[in-house]
Amino acid sequence: SLTHTTGGSEPTLSTEVDDPSHPLYHHRRIVSDFDYGDILGEGSYSTVLIGKDKRTGKQYAVKRLDKAHIVKNNKVKYVMIERDALSRMNHPGIVKLYWTYKDNRSLYFVLDLARSGELYTYVRRLAPFDLDTTKFYAAEILLAIEHIHERGVIHRDIKPENILLDDNMHIKVTDFGSAKIIDENNQQEGEDTAGTRSFVGTAEYVSPELLRSDPVSKEADMWAFGCVIYQMLSCKSPFKAPTDYLIFQKIKNLEYVMPDEFPPAAKDIIQKLLTSDPEQRFGSQALGGIQAIKDHPFFDGVDWENIFNSTAPPLK
Ligand code: ATP
C-alpha cells in the first residue's frame with residue numbers, strides 16, 4: 001500500500017502533493033525521468049544518489065527513502081516535516097527541493113546537488129579557518145538561517161554536518177528532519193506546538209532552553225550558529241565532552257573556554273550568541289533580530305547582497 005498510518009494522528013506516508021496551489025504540484029516527475037549514478041551518502045533511512053534529469057541533463061542529489069523502514073521506526077512525521085519545510089525554502093544557501101515522487105518501495109526527494117560535501121569535513125581537516133574564511137561561511141549561514149526563519153521554520157539542527165558545499169564552495173543548508181514549522185496556517189505542527197519536550201538535534205549544539213524544557217524558538221538556531229562560528233575558528237565545538245550527559249552539563253552551566261587567540265570581534269559575537277536566556281541572546285527580536293548580528297563588527301566588510309555570487313575564499 002502506498003499510504004500507511006502508524007497511529008491515529010500520524011500523517012500518511014505519501015509525499016505526493018495533491019493540492020494544486022502547492023509549489024510542487026506542477027511538473028510532476030516519476031522515477032524513470034532520471035538516470036541514477038553514484039551514491040553520495042547514506043543516512044539512517046535514506047540513500048542519496050546522483051540523479052540526472054533525462055530531459056535536461058541537469059544533475060541533482062536524489063534522496064531515496066525506504067518506506068517500510070520509515071513506517072517501522074515511526075519516522076513518518078519527520079519525513080513529512082522535512083518535505084514541508086524544504087518545499088517552503090527558496091534561497092541560494094539552502095538545498096532546494098525540486099520534486100518528490102515514489103515507487104512501491106521508496107519515496108524520492110530531488111534536491112540541489114552539493115558536490116563538495118559537508119562543511120564538517122573541511123572543519124575537521126583544515127580548521128582553524130582564517131578570519132576572512134570564517135566570516136564568509138558565517139555570513140552565508142546567517143543568511144540561510146534568516147531565510148529559514150522568514151519562511152516560518154526553525155531548523156533545530158544547525159551544525160557543520162548539515163551545511164553542504166556546492167561546486168563553487170558556497171553553502172547549502174540541508175537536513176530539515178528536525179525542523180519545526182511555526183506558522184499558524186500549517187497543519188503539520190502537531191503536538192510539538194505546546195513546547196518541545198523531546199530531544200531533537202545534536203548534543204553539542206543543543207540550546208540551554210531545550211535542556212530546561214522551555215519552549216524552543218528561533219533563537220535556538222542562533223545558539224547553534226554561535227557554536228559553529230566557534231568551531232570554525234578553533235576546530236572544536238565549544239561544549240565538547242566524552243558523553244552527551246557531560247555535554248549537557250557544560251551547556252547548562254555555560255561552561256566553555258574562549259581561546260585567547262580569537263580576534264576581539266569574534267569573541268564578542270560568540271559570547272553574545274552563546275547566551276543562556278534566548279531573550280537576551282544576540283538575534284532575538286528584543287535585541288534587533290538578525291539585522292543586529294549583520295551589523296556586528298565581526299561582519300565588517302561583508303557584502304550581504306552579493307555574497308552568494310562572490311568567489312568563495314580558499315580553504316587550505
Ligand atoms: P541521518 O538520516 O542518519 O540523520 P543524514 O541526514 O546525513 O543522516 P541523508 O540526508 O540521507 O542522511 O544524507 C546522507 C548523506 O548524503 C549525507 O551525509 C551527505 O553527505 C550526502 N548528501 C545529502 N544530501 C546531499 C546533497 N543535496 N548533495 C550532496 N550530498 C548530499
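The values are calculated or read from the model by the stated rules, or taken from the named source; none is laboratory data. A quick note: this is a predicted structure, and the numbers were derived from the prediction, not measured. Using ideal geometry, Cβ is built from the backbone for each residue, glycine included, and neighbour counts are taken over all protein chains shown.
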Worksheet item: How many residues are of a type outside the set (S, T, N, Q) and within 12 Å of the ligand (Cβ to nearest atom) if we restrict to the range 151-174?
Response: 12
Discussion item. I'm told Arg156 meets every condition in (1) assigned to a loop (DSSP other than H, G, I, E, B); (2) under 17 Å from Gly226 (Cα atoms); (3) touching a Leu at 6+ places or on another chain (Cβ under 6 Å) except one. Can you identify the failing condition by its number?
Written reply: (3)
Worksheet entry | Pro263 being in contact (Cβ under 8 Å) with a residue 60 or more places away in the chain and in contact with a Lys or Arg (Cβ under 9 Å, 6 or more places away or on another chain) | no
Practice prompt. Collect the residues in the range 303-316 that are surrounded by 10 or more Cβ atoms within 10 Å (Cβ to Cβ) and within 16 Å of Leu233 (Cβ to Cβ), keeping them in residue-number order.
Written response: Pro313, Leu315
Item to complete: Would you tally the residues in the range 38-90 being surrounded by fewer than 18 Cβ atoms within 10 Å (Cβ to Cβ), more than 10 Å from the ligand (Cβ to nearest atom) and in a loop (DSSP other than H, G, I, E, B)?
Response: 8
Worksheet entry | Among the candidates Pro238, Pro160, residue that is modelled with pLDDT of 95 or more and in contact with a strand residue (DSSP E or B) (Cβ under 8 Å, 6 or more places away or on another chain) | Pro160
Fill in: Phe239 being part of a loop (DSSP other than H, G, I, E, B) and surrounded by 22 or more Cβ atoms within 10 Å (Cβ to Cβ)
yes
Worksheet item: Can you name the number of the only condition in (1) touching a residue at least 12 places away in the same chain (Cβ under 8 Å); (2) surrounded by fewer than 23 Cβ atoms within 10 Å (Cβ to Cβ); (3) more than 13 Å from Thr174 (Cβ to Cβ) that Thr134 fails?
Response: (2)
